[in-house]
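Structure, as C-alpha cells:
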2 protein chains.
Amino acid sequence: MPTIRDVARAAGVSPATVSRALNGSGYVSPETRQRVLDAAARLGFTPSYIARSLVRKATRTLGLLVPDITNPYFPAIARGVEDAAARAGYSVVLCNTDGDPDHEEDYIQFLRERQVDGLVLIASSPRAGELVARGDAPPVVFVDRVPPGARADVVVVDNRRGMLEATRHLLALGHRRIGFVAGRVGSGTAEERLAGYLAALGEAGIAPDSHYIAPGDFTFQGGYQAARGLLSLPDRPTAVVAANDLMAVGVCRAALEAGLRIPQDLAVVGYDDIPMAELIHPPLTTVAQPTYQMGELAARLLMERLEGRAGPEPRRVVLEARLVVRESCGAALAAGGRGG
Amino acid sequence: MPTIRDVARAAGVSPATVSRALNGSGYVSPETRQRVLDAAARLGFTPSYIARSLVRKATRTLGLLVPDITNPYFPAIARGVEDAAARAGYSVVLCNTDGDPDHEEDYIQFLRERQVDGLVLIASSPRAGELVARGDAPPVVFVDRVPPGARADVVVVDNRRGMLEATRHLLALGHRRIGFVAGRVGSGTAEERLAGYLAALGEAGIAPDSHYIAPGDFTFQGGYQAARGLLSLPDRPTAVVAANDLMAVGVCRAALEAGLRIPQDLAVVGYDDIPMAELIHPPLTTVAQPTYQMGELAARLLMERLEGRAGPEPRRVVLEARLVVRESCGAALAAGGRGG
DNA sequence: GCGCCATGTGGAACCGGTTTCATACCGGGG
DNA sequence: CCCCGGTATGAAACCGGTTCCACATGGCGC
C-alpha cells in the first residue's frame, strides 16, 4: 500500500502538498496539483481512513443497535439509516442486542472504543438511557422507543394515536366487542398502543372489559395463544386488534382453526405493516409505521448533530402512523348483527 | 478523553509501560500493573481503537454487502455474520447494494478506503468478482452466489440438489404436471434451481414442457403473474414449484383468486423458508437454507483467513438445503387422479 | 568475583495522514 | 525602491497508541 510519502516522492513534492492537492485545501498551483494527481493515480494510492480519523478525531461511522435484525420490523429502519448514512459518506456498524440490557451496554462500550461518531439506538432497556445520560456514550438518537429521562434526539411514532385510529375504524364498522392482544408488559410501545385502544373504546362509550384484553409478547405464538383464549370466551369478540402484526397473524391462524372466516366471522387488525401483512390471505388491515423514514430521519438528525448543525436542545420528532385498510376487517357489520 | 500519556503520568510510569500493563504483553511487575489499572480506571481511560488500528494495520472490522436487508432472505445471514464477528471482537459494517454493479463497486472501494479487514459478499454481478480477482478488494468470502472465476473462499448451498428434492417430493406424491416459476434470468442461483427441477423430471421420465416453465423475478408480483399464466393453461399443472418463497406466496394468491384450494387443487412448493413461510395459510412447503449458518460460517472462514489460520487454497463449503414439508403440498394425489 | 540471563522500565521511533508555521516569491501601491 | 499581501511550498509537530532497543537490576551458576 503506497503512502502519502510515496506519492510525494513520486511527484517531487512534500507530503503536505500532496495532502493539500488531494483534499483541495490550502494553496496548490494547478501544475503541481496535476503532478500529484497523476502520481497518486499511477501508484494506486488510497488514503488511509484510519490515519485521517486519528487526526480529524472523527470516523464518519455510525453505530446502529437493533434488538434483532431478523425481526421483520427492523430491516426497513436499518435500510433507512444506511441509505442516509451512505449518502453523506458515513458507514454503519450493525449490532443485534436481543433486547438484553447487558448486550446493549457491552455494545455501546464496544462502539465507544471504536470511536463511532454517533449511535442510532433502538433501546430495549432503561439502562441504555442511563448510560447516555451519564455521558458514557457517543451522541445518540433514540428511535422507536425512548428510555425515560434521556436528554437526546428522538424519532418516534405516535403509537397511541395509531391504535386509536385502528380501533376507531373497527368501531365505525359497527364492532362493539373488540378484543385486544397486548404486547410485552414493560414495553412503552405496548402500553401506548393499549392506551390508544382504551381511548377509542372510551370515545364510543364502551367500558373496557378485562376479559377482552389478552396478554401477548409480540410473537406469532403469543398471538395464537391469546386468540385461542379470546375466541373461547362465552361472548366472543367480533373483532380482534393485536399490538403487532406477528401476533395478528397468530390470531388469524387461531381463527381459521376455530372454523371462523376472516373477516366475516372475525375482523382482525394488526400493527406495524410488516412486509407479510399484505401478502397473507386475507391481506391484513394494519397500522403502517414509516419505518424506512424513521431510520433515515434518525440518521439525518444524528449527522446534523455530529456536524454541529443542530442546536443544543434535544429534538423530538413524532411521526404519524397510517391506518392501512385491507380485507381482514371487511365491511360494516350487518345492522343489528352480533354486536351488543 | 484521557490518553495513554495521561494515564502514564497519573501512574508515574511511561506510556510504554501503560501499554504493556493494559495489554498484558511484555514484562510488567504486579505492583506496577495494579497502579496502572487503578489510574486507568480512575481517569475513565478508553484506549483509542483508531490509534491502535493505525499501528496494528488491522481494524477488526468486516464489511457485509447484501443486495437489500429488507428482503426477508438476508437478515438471517446478516445476523449470522454479526454474531460470529461479535464473538471474535470484530464489528460489521452493513451495506445495501440493491444488486447494482455500480453500487457494489463503489461500496467495495469505500470499504477498502476505510480499511475493513475483510468482506462478506453476496455479489449480484460478475464485476465484483473481477474486482476481487484483480486484488482491488480486501480478502473476501462469497456467500450464496459466486461470481465466475473468483479465487476466494465461498459458502454456498446446493441449490440444484435442494430443488431436486423438492420436485422429487411432488413426484412422489403422484404429481405429473408440475409447473415451475423461475427466477431472474442471469442469476446463477435461479439457473441451478431450474436445473434441479429439470433433473427431477428427467429421473421420473417426464419430458419438460416449456409451457410449464414460467419466467419470474423473485418477487411476489412476479410469482402472482406467472401463476396466472400457468393456471390458465388448458391442461393446468396440479403442482407448482417456485424458485423462491416470495413467488410461491404469489402463486398461492393467484390460486386462491382462481378459486383453487391449496393443496387439494394445487400443491405449492417454495424455496428459502423465509419467516413467513410457516405463518401463512396453508403453511408453505419449502426448501430451507441454513441462512444463519451460512452467515456465521462465512464470517468464521473470513476471520480465520485474516488471522493467518487458513491455508493458501480457497475453500469451498457447500451446505445442504433441507426440504421442509408443510401443508401446502398436501398428501398423495388420488390414484388415477388428474395426473397424465 | 564474573558473566549471563530473566525481569522491569523508559526513550524514541513509528504507523499515515493533517495542519501550523516559517519561508520565499511575485506583483502592485505608495 | 520598499513594503505588503496573496500565493506556493516544505519542515516539523501532532493525533494516540505499539514496539524496538537500550539500560538497569538482581539472582544464579561456575
Next on the checklist: Quick check on B:Asn71: is it more than 10 Å from DNA strand D (Cβ to nearest atom) and open to solvent by 40 Å² or more (accessible area, probe 1.4 Å)?
Outcome noted: yes
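Please enumerate the residues belonging to the stretch A:55-68 that are farther than 26 Å from B:Ile77 by Cα and open to solvent by less than 70 Å² (accessible area, probe 1.4 Å).
Step one: list which residues in the stretch A:55-68 are farther than 26 Å from B:Ile77 by Cα, which gives A:55-59.
Listed by number, the residues that qualify are A:Ala58, A:Thr59.
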Item to check | Residues of the stretch A:126-164 satisfying the condition of being open to solvent by 10 Å² or more (accessible area, probe 1.4 Å) and of a type in the set (Gly, Ala, Ser) | outcome: A:Ala133, A:Gly135, A:Ala137, A:Gly149, A:Ala150, A:Ala152
Next on the checklist: Considering only residues that are among the aliphatic types (A, V, I, L, M), assigned to a helix (DSSP H, G or I), more than 14 Å from chain B (Cβ to nearest Cβ) and within 12 Å of DNA strand C (Cβ to nearest atom), which ones fall in the stretch A:1-42?
Outcome noted: A:Val7, A:Ala8, A:Ala16, A:Val18, A:Ala21, A:Val36
Checklist outcome for this item: Okay, helices (runs of 4 or more DSSP H) sitting entirely in the stretch A:50-151 with 3 or more residues that are more than 16 Å from DNA strand C (Cβ to nearest atom) and closer than 28 Å to B:Arg112 by Cβ, I get A:74-87, A:101-113
Item to check | Among the residues listed as B:Ile262, B:Ile206, the single one being of a type outside the set (Gly, Ala, Ser), outside any helix (DSSP H, G or I) and closer than 15 Å to A:Leu279 by Cβ | outcome: B:Ile262
Checklist entry - In the stretch B:265-284, how many residues are among the β-branched types (Val, Ile, Thr) and not in a loop (DSSP other than H, G, I, E, B)? => result 2
Item to check | Criterion: in contact (Cβ under 8 Å) with a residue 40 or more places away in the chain and open to solvent by less than 30 Å² (accessible area, probe 1.4 Å) - qualifying residue of A:Ala288, A:Ala255, A:Ala243 | outcome: A:Ala243
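Of all residues in the stretch B:266-279 being out of contact with any strand residue (DSSP E or B) (no Cβ under 9 Å at 6 or more places or on another chain) and either within 21 Å of B:Gly162 (Cα to Cα) or at pLDDT 95 or above (or both), which is least open to solvent (accessible area, probe 1.4 Å)? Before the answer, list the steps.
Looking only at the stretch B:266-279, we keep the residues that are out of contact with any strand residue (DSSP E or B) (no Cβ under 9 Å at 6 or more places or on another chain), and these are B:275-276, B:279.
From what is left, the residues that are either within 21 Å of B:Gly162 (Cα to Cα) or at pLDDT 95 or above (or both) are B:275-276.
Working: B:Pro275: 76, B:Met276: 13 Å².
Among them, the one singled out is B:Met276.
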Checklist entry - Taking A:Ser29, is it closer than 21 Å to B:Ile108 by Cα and not assigned by TED's automatic domain parsing to the domain that holds A:Glu104? => result no
Checklist outcome for this item: Exactly one of A:Thr46, A:Thr32, A:Thr3 is more than 10 Å from DNA strand D (Cβ to nearest atom) and open to solvent by less than 40 Å² (accessible area, probe 1.4 Å), and that one is A:Thr46
Item to check | Lone qualifier among A:Met247, A:Met163 - being within 14 Å of chain B (Cβ to nearest Cβ), part of a helix (DSSP H, G or I) and either within 30 Å of A:Leu297 (Cβ to Cβ) or within 25 Å of the chain's Cα centre (by Cα) (or both) | outcome: A:Met247
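Kindly establish whether A:Gly295 is under 19 Å from the mean Cα position of the chain (by Cα) and touching a residue at least 60 places away in the same chain (Cβ under 8 Å). Reasoning before the result, please.
Values: under 19 Å from the mean Cα position of the chain (by Cα): yes; touching a residue at least 60 places away in the same chain (Cβ under 8 Å): yes.
Against the criterion (under 19 Å from the mean Cα position of the chain (by Cα) and touching a residue at least 60 places away in the same chain (Cβ under 8 Å)), A:Gly295 qualifies.
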Checklist entry - Can you name every residue in the stretch A:49-105 that is facing chain B (nearest Cβ under 8 Å) and aliphatic (A, V, I, L, M)? => result A:Ile50, A:Ala51, A:Leu54, A:Leu64, A:Ile69, A:Ala76, A:Ala78, A:Ala86, A:Val92, A:Val93, A:Leu94
Checklist outcome for this item: Residue hits (the stretch B:10-29; more than 7 Å from DNA strand D (Cβ to nearest atom) and in contact with a Pro (Cβ under 9 Å, 6 or more places away or on another chain)) are B:Ala10
Checklist entry - Does the stretch B:221-240 hold any residues that are farther than 18 Å from B:Met163 by Cβ, not in a loop (DSSP other than H, G, I, E, B) and not hydrophobic (A, V, I, L, M, F, W, C), and which are they? => result B:Gln221, B:Tyr224, B:Gln225, B:Arg228, B:Gly229
Checklist entry - Which numbered condition trips up A:Phe218, out of (1) open to solvent by 20 Å² or more (accessible area, probe 1.4 Å); (2) closer than 21 Å to A:Asp265 by Cα; (3) part of a loop (DSSP other than H, G, I, E, B)? => result (2)
Checklist outcome for this item: Scanning the stretch A:109-119 for residues that are buried (at least 21 other Cβ atoms within 10 Å of the Cβ) and either at positive phi or more than 12 Å from every other protein chain (Cβ to nearest Cβ) (or both) gives A:Gly118, A:Leu119
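The values are calculated or read from the model by the stated rules, or taken from the named source; none is laboratory data. For clarity, every value in this text was computed on a predicted model and none was experimentally measured. Note that we place each Cβ from the backbone using ideal geometry, even for glycine, and neighbour counts take in every protein chain shown. Side chains are part of the model used for accessible areas, which takes the heavy atoms of the whole protein and leaves out ligands, DNA and RNA. Shrake-Rupley method; radii C 1.70, N 1.55, O 1.52, S 1.80 Å.
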